[in-house]
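**Q** The structure that follows is given in the form of structure tokens.
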Amino acid sequence: MSETQNRNINQLIDIHSHILPQVDNGSVSMEQTKNMLKIAYEEGITYIIATPHYSVGCRNADKEELYNKLKAVRAEAEKINENFTIDIGNEVYYSEDIIEHLRKEKALTLAGTRYVLVKFAETDPYETIKTGIHRLLIYGYYPILAHVEKYDCLYNNYEDIYNLIHLGCYMQMNISSLNKITDKKTAFCINLIKYDLVHIISTDSHSDYNRAPRMLEGLNRIRKKCGEQVINQLFIENTRRLIHNERI
Ligand SMILES: [Fe+2]
């Protein structure tokens, strides 16, 4: 990559990451978390929102444990660069009770904003997703649908994705979904970006090897297919707005 290409993408914000050690199926140790931090920083990521899974009725990391781990990971990030920021939220699994858990701050919004990273079962029907998104909106949250490309009911279904956006939902895509050149899903993902049906692209990283926090390969693919303006919108503008609790 040339110097010019690198210039404006060295402050990437990753809002979906399982980088905290031993709290979910993400990083298995502090050693792995440290490697993930190194990889992320080398990829130009300087702000990460750690988003451990939160599911009502399952064993979720205790708040104190979560904040202690956050503190330890922040200290490691600072060793790499004092401006390397780690914040916290949850990737919440939707259920009717999740609203109450968010209101009581048992489940966390993204970095204290009104944005909620929400996932559903990949086989859930469209109506279930629509109802869940609608309920989050009614209670004043800004829902972001985690990895929009993964749901069976939304695959190649541009109309319903548009309908959810029209309702007030934001769409997050995993950068790794763009890295399989011949995969049909990659073509779908590129179309979503071209049709302006994606707001945020993140790593959803889980480890330092096969689900590592890498951005640049996918980012360059988007740049080639969609141009620099799209890169600025997706990777700079929208994430900046999010962390400042402004509407995308
Ligand atoms: Fe995730």
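The values are calculated or read from the model by the stated rules, or taken from the named source; none is laboratory data. All figures in this text were calculated on a predicted structure; none of them were measured in a lab. Here Cβ is always computed from backbone atoms with ideal geometry, including for glycine, and neighbour counts include all displayed protein chains.
**Q** Name every residue in the range 52-67 that is assigned to a loop (DSSP other than H, G, I, E, B) and either within 16 Å of the ligand (Cβ to nearest atom) or among the hydroxyl-bearing types (S, T, Y) (or both), in order of residue number.
**A** Of everything in the range 52-67, those that are assigned to a loop (DSSP other than H, G, I, E, B) and either within 16 Å of the ligand (Cβ to nearest atom) or among the hydroxyl-bearing types (S, T, Y) (or both) turn out to be P52, S55, C58, N60, A61.
**Q** With the structure loaded, tell me whether L70 is closer than 26 Å to M173 by Cα and within 16 Å of the ligand (Cβ to nearest atom) or whether it fails that test.
**A** no
**Q** Restricting attention to the range 158-215, report how many residues are of a type in the set (G, A, S), more than 16 Å from the ligand (Cβ to nearest atom) and under 26 Å from G140 (Cβ atoms).
**A** The total comes to 1.
**Q** A further question on this structure: Can you pull out every residue in the range 73-119 that is more than 16 Å from the ligand (Cβ to nearest atom) and of a type in the set (F, W, Y)?
**A** F84
**Q** Could you tell me how many of the residues in the range 88-98 are buried (at least 20 other Cβ atoms within 10 Å of the Cβ) and more than 15 Å from D24 (Cβ to Cβ)?
**A** Residues that pass the stated criteria total 2.
**Q** Being surrounded by fewer than 17 Cβ atoms within 10 Å (Cβ to Cβ) and in contact (Cβ under 8 Å) with a residue 40 or more places away in the chain narrows it down to one residue among Y139, Y195; which is it?
**A** Result of the check over Y139, Y195: Y139.
**Q** Being at pLDDT 95 or above and within 28 Å of G132 (Cα to Cα) is true for just one of G57, G89. Which residue is that?
**A** G89
**Q** From (1) modelled with pLDDT under 95; (2) touching a Cys at 6+ places or on another chain (Cβ under 7 Å); (3) surrounded by fewer than 20 Cβ atoms within 10 Å (Cβ to Cβ), pick out the condition that doesn't hold for K184.
**A** It fails just one condition, (2).
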